[in-house]
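Written below as structure tokens is the structure these notes are about.
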Amino acid sequence: MSFVEYSDLIQDGDVAIIYLSHNNVMPVKVQQGAQTQTRYGVIRHSTDLIGQRYGSKVTCSKGWFHVLHPTPELWTVALPHRTQILYTTDIAFITMMLELRPGSIVCESGTGSGSLSHAILRTIAPTGHLHTVEFHQQRAEKVAEEFKEHRVDHLVTVRNQDVCKDGFGVTGVADAVFLDIPSPWDAVGHAKVAMKKHGGRLCSFSPCIEQVQKTCEALQDQGFEDISTTEVLLREYDVRTVSLPLPDFGPDPESTEEATPAAPPNHASISLKTTTLPREMPGHTGYLTFATKPRT
């Protein structure tokens with residue numbers, strides 16, 4: 001099992017995703033002889049998981065669940081939160097705007113819970129590399145442990161340092177840089193140093209517009225071009241079937257036919273698909289500021 005390569009069968013040591021319901025998804029480290037308690041009963045790893053195909057439906061004493069192969073999208077909704085994380089809506093837009101592809105070299109700070117990191121690793125595999133910097137020592141150690149457990153550690157280098165003071169630890173290698181720190185304007189200079197001479201893309205995630213203003217000023221001072229800021233909001237429409245009555249306009253007044261006795265009322269109706277706006281929708285997460293480093 002790897003987050004960047006698909007496997008058919010569940011093996012001892014894998015990280016599997018237990019799908020109990022739409023709002024109840026949990027990661028499980030598969031171990032010979034281990035057990036996991038769920039609302040539907042106990043999961044016995046040796047008999048219920050190991051050797052089964054990913055996607056299988058497993059029956060417990062009180063119900064059933066599906067066991068899924070891990071993906072960055074599933075990891076985002078199932079991971080243990082050590083920090084606030086980025087979700088798939090923002091992650092997809094970031095990946096596109098940074099022009100990431102297999103073989104890209106990416107610098108990231110801060111790593112946090114590793115939500116974006118896993119999506120980057122899948123995109124740049126098998127020949128790319130991620131240099132990620134985390135200021136907090138325990139978080140850096142934990143995410144490095146998870147990368148090894150998820151078998152993507154060969155694609156990533158984790159550094160525990162202050163990116164605003166010490167930079168990314170690399171020079172002239174990055175195709176793209178991502179910043180998710182309280183003061184990204186202090187790291188813009190280090191980001192420029194880490195990027196390749198022929199240029200590259202930068203993205204900064206900030207929840208407050210004041211942070212965006214200072215970051216844009218720093219980007220302009222460092223010679224970045226094409227500076228723009230975007231806010232991504234997701235609105236899901238509810239598609240449903242409705243039944244509408246057909247109107248009865250009565251007899252045609254211009255008809256020359258002889259009048260006939262009044263027919264009973266016609267209650268005919270027609271069914272059709274329609275969409276309605278959601279009553280609630282996710283609000284503001286953060287502002288995404290993008291910029292391009294020109295060739296030097």
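The values are calculated or read from the model by the stated rules, or taken from the named source; none is laboratory data. Bear in mind the structure is a predicted one, so any value in this text is a computation, not a measurement. So basically every Cβ, Gly included, is an ideal-geometry build from the backbone, and we count neighbours across all protein chains shown. For accessibility, only protein heavy atoms count, side chains too; no ligands or nucleic acids. Shrake-Rupley method; radii C 1.70, N 1.55, O 1.52, S 1.80 Å.
With label points built 7 Å along Cα→Cβ from the Cα atoms of H136 and Y87, find their separation and express it in nm.
2.0
Could I have the simple spin-label model distance between K165 and L233, label points 7 Å from Cα toward Cβ, reported in nm to one decimal?
Roughly 4.0 nm, to one decimal.
Check the straight Cα-Cα distances from K62 and name the lysines below 25 Å, setting aside those fewer than 8 residues away within the same chain.
K29
Just how large is the dipole of the chain about the Cα centre, in debye to the nearest 20, putting +1 at every Lys and Arg Cβ and -1 at every Asp and Glu Cβ?
Working: 26 positive and 34 negative charges, 250 e Å.
In total the dipole reaches around 1200 debye.
Could you work out what % of the accessible surface of the range 74-117 is carbon and sulfur, using a 1.4 angstrom probe and leaving DNA, RNA and ligands out of the count? Show your work: numbers first, answer last.
Working: 1020 of 1680 Å².
C and S atoms contribute 60 percent here.
Going 7 Å from the Cα of V77 in the Cα-to-Cβ direction, what parts of the range 53-71 have a backbone nitrogen less than 19 Å from that spot?
Residues 54-58, 64-71 fall inside that zone.
With a 1.4 Å probe and every protein chain kept in, tell me what percent of the accessible surface of the range 9-70 is carbon plus sulfur.
Working: 1470 of 3260 Å².
Of all accessible area on the range 9-70, carbon and sulfur atoms account for 45 percent.
Could you give the accessible area per residue of the chain, probe 1.4 Å, as a whole number in Å²? Please report the intermediate quantities before stating the final value.
Details: 16530 Å² over 296 residues.
Accessible surface, normalised per residue, equals 56 Å².
Write down the radius of gyration of the range 9-70 and its Dmax, each obtained from C-alpha positions, in Å.
10.2, 28
Under 12 Å from a point placed 7 Å out from the Cα of S271 along the Cα-to-Cβ direction: which residues of the range 218-256 have their backbone N that close?
Answer for this model: 241-244.
So, in nm, how far is label E280 from label M26 when the simple model puts each one 7 Å beyond its Cα toward the Cβ?
That separation, rounded to one decimal, is 2.4 nm.
Just to confirm the number: angle between the C-alpha axis of helix 115-124 and the first principal axis of the chain, 0 to 90 degrees, nearest 10?
That works out to roughly 80 degrees.
Would you kindly calculate the translational diffusion coefficient of the chain, applying Stokes-Einstein with the Kirkwood radius from alpha carbon pairs, for 20 °C and a viscosity of 1.002 mPa s, and quote it in µm² s⁻¹ without decimals?
Working: Rh = 22.5 Å.
The estimated diffusion coefficient comes to 95 µm²/s.
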